[in-house]
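Asker: My questions all concern the structure below.
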Amino acid sequence: MTMIAPSVVCADLLNLKQEILLLQKAGADLFHIDVMDGCFVNNITFGFDYVKSLKKISKIPLFTHLMIVKPERYVERFIKAGSDLVTFHIEATGSPEAIIDRIHSLRKKVGVAYNPETEFVPKSFLKKADLILIMGVHPGFSHQKFIEAMLPKIKKAKEFTLRTDALLEVDGGVNRENAAMLREIGVDILVACGAIFDDKRYEENISALRG
Ligand code: DX5
Ligand code: ZN
């Protein structure tokens, strides 16, 4: 079954605890935490303390999506803060394999993310990744339109993950309309912000995305 990951960047910060409890009750499978540094992307969001706070109340896994330059400098601290899986961008580092090994040495899981303009090249070190994330939009902001031209790349990544047992995640522009197609391709995790939070009907929206 497809897993649904609310991107908590859309949660009401003033009521964060209540939001987390409501999303869990509504059937969220994991929380997607967007970390942006104002450099790799043109926006700034959360740091370690936010992850630490979520960890205290979350009963479901925390998957942290690092949109930061040189992620190797910070992966360890995001793991110590409570991330169950940390995804970094392939464009942001010159040493992806070392990051994968480092995270595994800390006994946590690791994902590798691809921006829309980055080709998915099934390099051999990727066999060690636990998750491949294909962006459906240019990262930085929620509520953007899904780029349909990503579909062949998503299919190519699916063929790869079928051979390696990694999870395939799609993030950005996911909505009820395109979710069916993404599920059919075999996407394992659908991330959504706007499609879950906008009308506050968490349970209904999560079920609709799951199909
Ligand atoms: C985009 C972030 C996404 C974003 C998704 O830069 O990585 O996780 O919050 O938002 P929606 O689902 O509204 O496109
Ligand atoms: Zn994200």
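Asker: Just need a number here: residues in segment 1-41 that are surrounded by fewer than 15 Cβ atoms within 10 Å (Cβ to Cβ) and within 10 Å of ligand 1 (Cβ to nearest atom).
Answerer: 0
So that you can scan it fast, the table gives a plain yes or no per residue for (1) surrounded by 15 or more Cβ atoms within 10 Å (Cβ to Cβ); (2) closer than 20 Å to residue 187 by Cα; (3) under 13 Å from the mean Cα position of the chain (by Cα):
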position	(1), (2), (3)
71	yes, no, no
76	yes, no, no
81	yes, no, no
86	yes, yes, yes
118	no, yes, no
128	yes, yes, no
135	yes, yes, yes
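Asker: Restricting attention to segment 13-55, report how many residues are without any contact (Cβ under 8 Å) to a residue 24 or more places away in the chain and away from ligand 2 (no atom under 16 Å from the Cβ).
Answerer: 5
Asker: Another question, then. Mind checking which residues of segment 1-39 are assigned to a loop (DSSP other than H, G, I, E, B), of a type outside the set (A, V, I, L, M) and over 16 Å from the mean Cα position of the chain (by Cα)? Break it down stepwise before answering.
Answerer: Step one: filter segment 1-39 for residues assigned to a loop (DSSP other than H, G, I, E, B), giving 1-2, 11-12, 26-30, 38-39.
When the remaining residues are screened for being of a type outside the set (A, V, I, L, M), the result is 2, 12, 27, 29, 38-39.
Answer for segment 1-39, where residues must be assigned to a loop (DSSP other than H, G, I, E, B), of a type outside the set (A, V, I, L, M) and over 16 Å from the mean Cα position of the chain (by Cα): 12, 27, 38, 39.
Asker: Kindly provide the set of residues from segment 137-158 that are within 9 Å of ligand 1 (Cβ to nearest atom) and either buried (at least 20 other Cβ atoms within 10 Å of the Cβ) or at negative phi (or both), ordered by number. It would help to see each step written out before you state the result.
Answerer: Going through segment 137-158, the residues within 9 Å of ligand 1 (Cβ to nearest atom) turn out to be 137-146.
Result: 137, 138, 139, 141, 142, 144, 145, 146.
Asker: Here is a further query. How many residues, within segment 32-50, are in contact with a Leu (Cβ under 7 Å, 6 or more places away or on another chain) and either of a type outside the set (A, V, I, L, M) or within 15 Å of residue 19 (Cβ to Cβ) (or both)?
Answerer: Here is the first cut: in segment 32-50, the residues in contact with a Leu (Cβ under 7 Å, 6 or more places away or on another chain) are 33, 35.
Next cut, either of a type outside the set (A, V, I, L, M) or within 15 Å of residue 19 (Cβ to Cβ) (or both) only: 33.
Of the residues in segment 32-50, 1 are in contact with a Leu (Cβ under 7 Å, 6 or more places away or on another chain) and either of a type outside the set (A, V, I, L, M) or within 15 Å of residue 19 (Cβ to Cβ) (or both).
Asker: Another question, if that's okay. Kindly establish whether residue 149 is part of a helix (DSSP H, G or I) and either closer than 30 Å to residue 208 by Cα or at pLDDT below 95 (or both).
Answerer: The answer is yes for residue 149.
Asker: Sticking with this structure for a sec: Of 183, 107, which residue is away from ligand 2 (no atom under 14 Å from the Cβ) and in contact (Cβ under 8 Å) with a residue 60 or more places away in the chain?
Answerer: Working: 107 fails: in contact (Cβ under 8 Å) with a residue 60 or more places away in the chain.
Answer to the selection: 183.
Asker: Continuing with this model, one more query. Starting from segment 188-200, take each residue that is away from ligand 2 (no atom under 14 Å from the Cβ) and list its partners that are assigned to a loop (DSSP other than H, G, I, E, B) and modelled with pLDDT of 95 or more, counting only C-beta distances under 9 angstrom and pairs at least six apart or across chains.
Answerer: From residues that are away from ligand 2 (no atom under 14 Å from the Cβ), the pairs are 188/2; 188/166; 198/143.
This table checks each residue for (1) part of a loop (DSSP other than H, G, I, E, B); (2) within 30 Å of residue 48 (Cα to Cα); (3) among the small types (Gly, Ala, Ser).
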{"site": "101", "(1), (2), (3)": "no, yes, no"}
{"site": "118", "(1), (2), (3)": "yes, yes, no"}
{"site": "121", "(1), (2), (3)": "yes, no, no"}
{"site": "132", "(1), (2), (3)": "no, yes, no"}
{"site": "140", "(1), (2), (3)": "yes, yes, yes"}
{"site": "158", "(1), (2), (3)": "no, no, no"}
{"site": "179", "(1), (2), (3)": "no, no, yes"}
{"site": "183", "(1), (2), (3)": "no, no, no"}
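Asker: Of all residues in segment 174-189, count the ones that are of a type in the set (Val, Ile, Thr) and either out of contact with any helix residue (DSSP H, G or I) (no Cβ under 8 Å at 6 or more places or on another chain) or at pLDDT below 95 (or both). Can you show your working first?
Answerer: Keep residues of segment 174-189 that are of a type in the set (Val, Ile, Thr), which gives 174, 185, 187, 189.
Narrowing further to those that are either out of contact with any helix residue (DSSP H, G or I) (no Cβ under 8 Å at 6 or more places or on another chain) or at pLDDT below 95 (or both): 189.
Total satisfying the criteria: 1.
Asker: Okay, next question. Regarding residue 177, is this residue among the acidic types (Asp, Glu) and surrounded by 19 or more Cβ atoms within 10 Å (Cβ to Cβ)?
Answerer: Numbers: among the acidic types (Asp, Glu): yes; surrounded by 19 or more Cβ atoms within 10 Å (Cβ to Cβ): no.
Considered against the rule, which asks whether it is among the acidic types (Asp, Glu) and surrounded by 19 or more Cβ atoms within 10 Å (Cβ to Cβ), residue 177 comes out as no.
The values are calculated or read from the model by the stated rules, or taken from the named source; none is laboratory data. Nothing here was measured: the structure is a model prediction, and the numbers come from that model. When we count neighbours, we look across all protein chains shown, and the Cβ atoms used for this are built from the backbone with ideal geometry, even at glycine.
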